[in-house]
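Asks: Attaching a single structure in structure tokens format; questions to follow.
The values are calculated or read from the model by the stated rules, or taken from the named source; none is laboratory data. Values in this document were obtained by computation on a predicted structure and should not be read as measured data. Counting neighbours? That spans all protein chains shown, and the Cβs are built from the backbone with ideal geometry, glycine included. Heads up: the accessible areas ignore ligands, DNA and RNA and are worked out on the full protein's heavy atoms, side chains in. Shrake-Rupley method; radii C 1.70, N 1.55, O 1.52, S 1.80 Å.
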Number of protein chains: 2
Amino acid sequence: MNPDITRERENATFNVEKLTHILDGGIEKTKRRREIESLVISDPDFQSEDLNFLSRSERYDAAVKKSAQMILKLREYGISDPEEIYCYKSVFRGNHQEALGLHFSMFLPTLYTQCNKEQFKKWVPLAESFKAMGTYAQTELGHGTHLRGLETTATYDPATQEFVLNSPTITSIKWWPGGLGKTSNHAIVLAQLHTQGKCHGLHAFIVPLRSMNTHIPLPGVVVGDIGPKFGFDEVDNGYLKLENVRIPREHMLMKYAKVEADGTYVKPPSAKLTYGTMVFIRSMIVGEAGSALAKSCTIAIRYSSVRHQSEIRPGEPEPQIMDYQTQQYKLFPLLATAYAYKFVGQYMNQVYHRITGDISQGDFSELPELHALSAGLKAFTTWTASEGIEVCRMACGGHGYSRCSALPDIYVNFVATCTYEGENTVMMLQTARFLIKSYQQVSAGHQLSGIVSYLNESERRLQPQSVSSRPTVLNVNDLASLVEAYKLRAAKLVEVAAKSIQQELQKRVSQEDAWNNSAIDLVRASNAHCHYVVVKLFAAKLGEIGDMGVHSVLSTLALLYALQGIQQHSGDFLQTGLLSVPQLSQVSQRLKELLAQLRPNAVALVDAFDYCDEMLNSVLGRYDGNVYEHMFEWARRSPLNKTEVHESYHKYLKPLQAKL
Amino acid sequence: MNPDITRERENATFNVEKLTHILDGGIEKTKRRREIESLVISDPDFQSEDLNFLSRSERYDAAVKKSAQMILKLREYGISDPEEIYCYKSVFRGNHQEALGLHFSMFLPTLYTQCNKEQFKKWVPLAESFKAMGTYAQTELGHGTHLRGLETTATYDPATQEFVLNSPTITSIKWWPGGLGKTSNHAIVLAQLHTQGKCHGLHAFIVPLRSMNTHIPLPGVVVGDIGPKFGFDEVDNGYLKLENVRIPREHMLMKYAKVEADGTYVKPPSAKLTYGTMVFIRSMIVGEAGSALAKSCTIAIRYSSVRHQSEIRPGEPEPQIMDYQTQQYKLFPLLATAYAYKFVGQYMNQVYHRITGDISQGDFSELPELHALSAGLKAFTTWTASEGIEVCRMACGGHGYSRCSALPDIYVNFVATCTYEGENTVMMLQTARFLIKSYQQVSAGHQLSGIVSYLNESERRLQPQSVSSRPTVLNVNDLASLVEAYKLRAAKLVEVAAKSIQQELQKRVSQEDAWNNSAIDLVRASNAHCHYVVVKLFAAKLGEIGDMGVHSVLSTLALLYALQGIQQHSGDFLQTGLLSVPQLSQVSQRLKELLAQLRPNAVALVDAFDYCDEMLNSVLGRYDGNVYEHMFEWARRSPLNKTEVHESYHKYLKPLQAKL
């Protein structure tokens, strides 16, 4: 154990284990999580070479192998609770992806929820036994977020009682689905349904892609890998071009909508039913933003405690780089953010489960709010976390750039969340739509409930006043006061966006153009709304914590989180008169004090996340702090070191020398 | 040609070719650049597979091949002017790196400048004929920016007239030098010189690493590749452990310092001489920040003009995504930034050449200012450009995540500049040191000249005044007024940092601790200083432009650049009373107008950068806008598509099905 990091742990002022229990949701959950983790870690079948040393084809091969092993192990150990499976997978995946990911996350759930009884009986056993390995093919080469734009067609032929599937244009080729390229032999394909000469919009079809015996693509199916990406190297994201592919009528998923034998179309009862999955996945992503940032902070903070560099005082030994104020200023606010997002993730999960209970009883009333919240928070947290991962990486200096730090892998795999499951700007505008609608309801005299109830006050509170005459609400030492400031900022920015739309409308442009011409303000309003929600939930979480030591350090983190946001967006707070210029210096000063206050607890705070070395897979983030010897050991395994002299020397360099 | 992009070009209001000449520095330079580019493009020897499809070893192999070819071609074509070589390399490298990069950028220049006459005669011909292929080994596993911390030793042994080189600890292993792992047979090694029982600090030594005949590592030389990184896949960044390696006395570079045969050490005449290269490389990086961002904008803006998605007005066809205000707000300020950095790069280049003239005549007076400026601007521009590349990538939606967009390559290769050649935060603090020194000189009654002369006014102008009594200086339509505002902001933030140091000193902490406890403010001051310099130089550039059309569009860009910075840092401007709250709404409004105004010229503005398709190597950024068919064609070449059925199916999936 590196003595520096031991000293850090000795200096902590709180009980790390207790904080871990809070993050897990209880002492029992921590225990079970660790049991599951040790199953993976101690399993010799999961020992494998660092994926970074392999070619893409080898990485894909390794991922398929792991996925196949995992399926057998989960059955062997009898792990079937979704939370426990999630936990198992988190360890076994590390910072990478699962080859059969979409089979579990999209193919199976869609079969469970959208098959009618006969379909269920046929397809679920096939899928659960992996005879049918599937993916979910929605996006197309030319079409992403805007579902109505999808071009793939499924035309019903009553003569044979079949659907004929086609990709009529180059832009209609299915593009991006994970596992589509090489792994899957089936796909649920979203296509525009045509029957009896009419288009009825998007519906889902089970399309066999490859022979279940030989895995060779079926006639009319042009399928393959879309090539290397920023990350997700081990996943065969694929393309699919359908050329008059015929499937039986029963391959349309018919729990809700139907096409009868003669081609008669039967509408589904409600459009809201598909909402749920989307909301669930976005809520999960919020928690994952917390995890990705927590991992990154673990690596950067542990490394900053063992790395010595330069000098603060001449003649003294090189200090730990965590003693530099600039390093603290980079890392500690991100640490606070990681905690904030972990708690927000917990909250979203609870709300989701509460609301799905309501939904199953036919009560959809809270769904729009949850939908708006999950969209905005997904965007808000993934943007910040992505930037934060890079800040952590660069805070490790040159070594952060090496794949041995794990930070490049964490970044490239996480940053994709900014784009998938709803592109972030589109998400922000969806939340804005809900906010503006709520604002208009207040203006029309309605009283709002739920998270946007703060807009009720806006009419009263936000009358134009001069800065000096407004009573100053902000107390930089009081979290409740800061939550209030974030609330008023959000209310103000929603108002600014709403007024921009009004002004545009007065220029006699259409409603739609007015919206587009106010889009910058709308995104800003959504950001402020989400920021308020996060600060509020972080503050609320503190109320649940009994242990004094843990409460104290989390309070410091929450205050740091809130104050840093105010400093970064000081213009908003000054603009709304929530903050005065002299207070801004107070904020700066207080921030510096909080950094110094957190310094002795930094390593303990990342230890509490409880990521084992096998999950981090980072030489810089090792629990024992013994970084350099392991870095050398890792480097020696580089594939370029397999031979002393690389063949390119004989091929190109020696001949070059001869020619000159 | 895609009709959308053709229409964009027809709508431009200025002459693209004229703007290209301005960027190149004249019509003749444009002509010569294009000649050189076409030499590479038309050369069948340089046609190669996309590096993204290759394994790391294959990529390294391909890079060595290309470097060897390039050397022969440059001789064949008689290209020897450094600017022309730079141009040639830019095309042939594309978005990747050169295998022999450090031989040219560090090994040869160090030999040229630090060899004495005899050494020059021996080593320069060896290096120029590539008998000696070299790199520059400075950083160590445990030591980066802080040179005095380096641990490698070179101990003189007068008995044999040799230096004995050692890596005494694990942290002293040389780490990171490009080309060190497999390519180089020599390295210039920086080591602590010990002679006659005394350490004389860092000196440079020529150390043979591998046999010049067989390329096998020499005894005592432990050398290899440090493993995969975020980018730079084709470069063999290496490690080097020296175990009692003996080199003749004449292998110490002795133009300045010397060790005589008996071991007597002779000091160099001046320490300032090594300054120059560093300043030059950092200045170059500023221009490269402009280029990286210009390439990224080219890709994202061209793609945004051919990509149609969602709807603004119901029932109408899907609009070009560039019509969304949010998309314009992402991309156009970055476009303005790319132009700004290109012009700043030109300026730095000119200043560097002027000042090196002075230096060669013994006049070092301007060096500290240039040193401070190049350090800060390197950090300022590389941070912003890196973030901007990612914004461009994500503005391309999912397809930006594919390696076929080229944006992942541009990012991972460029973002390294934030760390190498001086870690950015350290650079910012170096600039801050110059600013604080200047501020203290003014306080002591001195009058400053040069770029910091604005600090002369600070004492007078920045007296505390209430916001209302200060005459408002800002005119949001007048660039000169905005430059003034940036200047006053910089002056204010330098003052804030200086006062923070004073306050710390009053708490009786040491000078060094006061500095560290003010580091956040110091970095903020440097940022504001650099931002001011960029706005000022952009405005100054407009004065050189005669053509009305070009002048007009560049003026719009400059205004956008300045106003967006004010919006992003509105807290600073409000805080200093340079901006009033009502003006902030004006800034927002004006920004939206400028976005709309730039919209018709966006494609023409990226065309003017004049990157040919071969240099961009981006399917999304193609000049002809025919994105989708080429994306499909690219994907089909993915290595995973070499076989219809991947071997992993037979190895893992089929057996899995059998077991369940």
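Asks: Checking understanding here: applying a Kyte-Doolittle mean of at least 0.5 and a length along the axis of at least 18 Å (C-alpha), which whole DSSP H helices in chain A pass?
Replies: A:275-306, A:519-542, A:548-568
Asks: Expected output is a single nm value to one decimal: the length gained when fully extending between A:GLN196 and A:ALA444, i.e. 0.36 nm times separation in residues minus the C-alpha distance. What is it?
Replies: Computed gain between A:GLN196 and A:ALA444 is 84.7 nm.
Asks: Within the stretch B:332-368, name every residue whose backbone N is under 20 Å away from a label modeled 7 Å from Cα of B:GLU457 along the Cβ vector.
Replies: none
Asks: Give me the net charge of B:TYR411's neighbourhood, meaning all other residues with Cβ under 14 Å from the Cβ of B:TYR411; Lys, Arg count +1, Asp, Glu -1.
Replies: -1
Asks: What is the calculated FRET efficiency for A:ASP323 to B:VAL222, with r their C-beta to C-beta distance and R₀ = 30 Å, to the nearest 0.05?
Replies: Efficiency, rounded to the nearest 0.05: 0.35.
Asks: Could you pull out which residues in the stretch A:320-359 have an amide N less than 18 Å from a spot 7 Å beyond the Cα of B:ARG148, following the Cα-Cβ vector?
Replies: Backbone N within reach: A:320-321, A:324.
Asks: Over the alpha-carbon set of chain A, divide Rg by the Kirkwood Rh and report the Rg/Rh ratio to two decimals.
Replies: 1.00
Asks: Take the alpha carbon gyration tensor of the stretch A:333-455, find the square roots of its eigenvalues, order them as a ≥ b ≥ c, and report rounded if a/c is under 1.5; if not, report prolate when a/b exceeds b/c, else oblate.
Replies: Here the stretch A:333-455 falls in the prolate category.
Asks: Counting only C-alpha contacts under 8 Å and six or more residues apart, can you give the relative contact order of chain B as a whole percent?
Replies: The normalised contact order for chain B reaches 16 percent.
Asks: Could you list, in their original order, any pairs among A:LYS330/A:LYS499; A:LYS89/B:LYS654; A:LYS659/B:LYS174; A:LYS541/B:LYS229; B:LYS89/B:LYS229 whose Cα atoms are separated by more than 29 Å?
Replies: From the list (A:LYS330/A:LYS499; A:LYS89/B:LYS654; A:LYS659/B:LYS174; A:LYS541/B:LYS229; B:LYS89/B:LYS229), the Cα-Cα distance tops 29 Å for A:LYS330/A:LYS499; A:LYS659/B:LYS174; A:LYS541/B:LYS229.
Asks: Roughly how compact is the stretch A:299-381, stated as its Cα Rg over 2.2 N^0.38 Å to two decimals?
Replies: Its radius of gyration relative to the 2.2 N^0.38 Å reference: 1.83.
Asks: Kindly provide log₁₀ I(q)/I(0) values, in the same order as q = 0.07 Å⁻¹, from the Debye equation applied to equal alpha-carbon scatterers of the protein assembly as shown.
Replies: Results for the protein assembly as shown at q = 0.07 Å⁻¹ read -0.75.
Asks: Determine the residues within the stretch B:320-340 where the difference in accessible area between the chain on its own and the full set of protein chains amounts to at least 30 Å²; count protein heavy atoms only and use a 1.4 Å probe.
Replies: Residues of the stretch B:320-340 that lose at least 30 Å² of accessible area once the other chains are added: B:GLN325, B:THR326, B:TYR329, B:LYS330.
Asks: Evaluated at 37 °C with a viscosity of 0.692 mPa s, what Stokes-Einstein diffusion coefficient in µm²/s does the stretch A:1-53 have when Rh comes from the Kirkwood expression over alpha-carbon pairs?
Replies: 235
Asks: Given R₀ = 35 Å, FRET efficiency for A:ASN15-B:ASP513 by Cβ-Cβ distance, to 0.05?
Replies: Efficiency, from the Cβ-Cβ distance: 0.65.
Asks: I'm checking a number: the convex hull volume of the Cα atoms of the stretch B:105-226, normalised per residue, in Å³. What is it?
Replies: Spread over its residues, the Cα hull of the stretch B:105-226 gives 121 Å³ apiece.
Asks: Please check the stretch B:43-80 for residues whose accessible area, probe 1.4 Å, is lower by 30 Å² or more when all protein chains are in place than in their chain alone.
Replies: Residues losing area: B:SER57, B:TYR60, B:ASP61, B:VAL64, B:LYS65, B:ALA68, B:LEU72.
Asks: What nm distance separates the two modelled labels at A:LYS122 and B:LYS258, each placed 7 Å from Cα along Cα→Cβ?
Replies: Simple spin-label model gives 9.3 nm for this pair.
Asks: Please label the shape of the stretch B:581-660 as rounded, prolate or oblate, based on the square roots a ≥ b ≥ c of the eigenvalues of the alpha-carbon gyration tensor (a/c under 1.5 means rounded; beyond that, a/b larger than b/c means prolate, else oblate).
Replies: Here the stretch B:581-660 falls in the oblate category.
Asks: So what's the Cα pair-distance distribution over the stretch A:174-264, bin width 10 Å, in %?
Replies: 16, 43, 28, 11, 2
Asks: For A:ASN617, list long-range residues whose amide hydrogen, built 1.01 Å from N in the peptide plane, is under 5 Å from its own amide hydrogen.
Replies: Distant-sequence amide H within range of A:ASN617: zero hits.
Asks: Could you list, bin by bin from short to long, the percent of Cα-Cα pairs of the stretch A:505-625 in 10 Å steps?
Replies: The distribution over the stretch A:505-625 is 10, 27, 28, 20, 11, 4, 0, given as percents.
Asks: With a Förster radius of 30 Å, plug the Cβ-Cβ distance of B:ILE41 and B:ALA480 into 1/(1 + (r/R0)^6) and report the FRET value to the nearest 0.05.
Replies: 0.10
Asks: Can I ask one more? If you restrict to DSSP beta bridges whose two residues both lie in the protein assembly as shown, what percentage is antiparallel, to the nearest 5?
Replies: For the protein assembly as shown, the DSSP antiparallel bridge percentage is about 80.
Asks: Also, quick follow-up: I need the shape label for the stretch B:183-337. Rule: rounded when a/c is under 1.5, else prolate if a/b > b/c, else oblate, with a, b, c from the alpha carbon gyration tensor.
Replies: Verdict is prolate for the stretch B:183-337.
Asks: How far is it, in nm, from the label point at A:LYS29 to the one at A:GLU311 when both lie 7 Å from their Cα along the line to the Cβ?
Replies: Distance between label points: 5.0 nm.
Asks: May I pose another question? Quantify, in whole percent, the carbon and sulfur part of the accessible surface of the protein assembly as shown (1.4 Å probe; protein heavy atoms only).
Replies: Exposed carbon and sulfur together represent 53 percent of the surface.
Asks: How big is the accessible area of A:ARG622 in square angstrom, nearest 10, if you roll a 1.4 angstrom probe over the protein chains?
Replies: About 50 Å², rounded to the nearest 10.
Asks: Would you mind computing, in nm to one decimal, how far apart the modelled labels at A:THR356 and A:TYR77 are, each placed 7 Å from Cα along Cα→Cβ?
Replies: Between A:THR356 and A:TYR77, the label points sit 2.2 nm apart.
Asks: Given the alpha-carbon gyration tensor of the stretch B:66-160, what are the semi-axes of its equivalent ellipsoid in whole angstrom, ordered largest first, with each equal to the square root of 5 times an eigenvalue?
Replies: 30, 20, 11
Asks: Moving to a separate point now. Over the stretch A:526-566, how many percent of alpha carbon pairs lie in each 5 Å bin up to the one with the longest distance?
Replies: 5, 24, 29, 21, 12, 6, 2
Asks: At 4 °C and 1.567 mPa s, grab the translational diffusion coefficient of the stretch B:549-605 from Stokes-Einstein with a Kirkwood Rh over Cα pairs, rounded to a whole number in µm² per second.
Replies: 107
Asks: In a shell of Cβ-Cβ distance under 13 Å around B:THR214, excluding B:THR214 itself, what net charge do Lys and Arg (+1) and Asp and Glu (-1) give?
Replies: In short, +1.
Asks: Per residue, how big is the convex hull around the C-alpha atoms of the stretch A:257-357? Give it to me in cubic angstrom, could you?
Replies: Convex hull of Cα atoms, per residue: 129 Å³.
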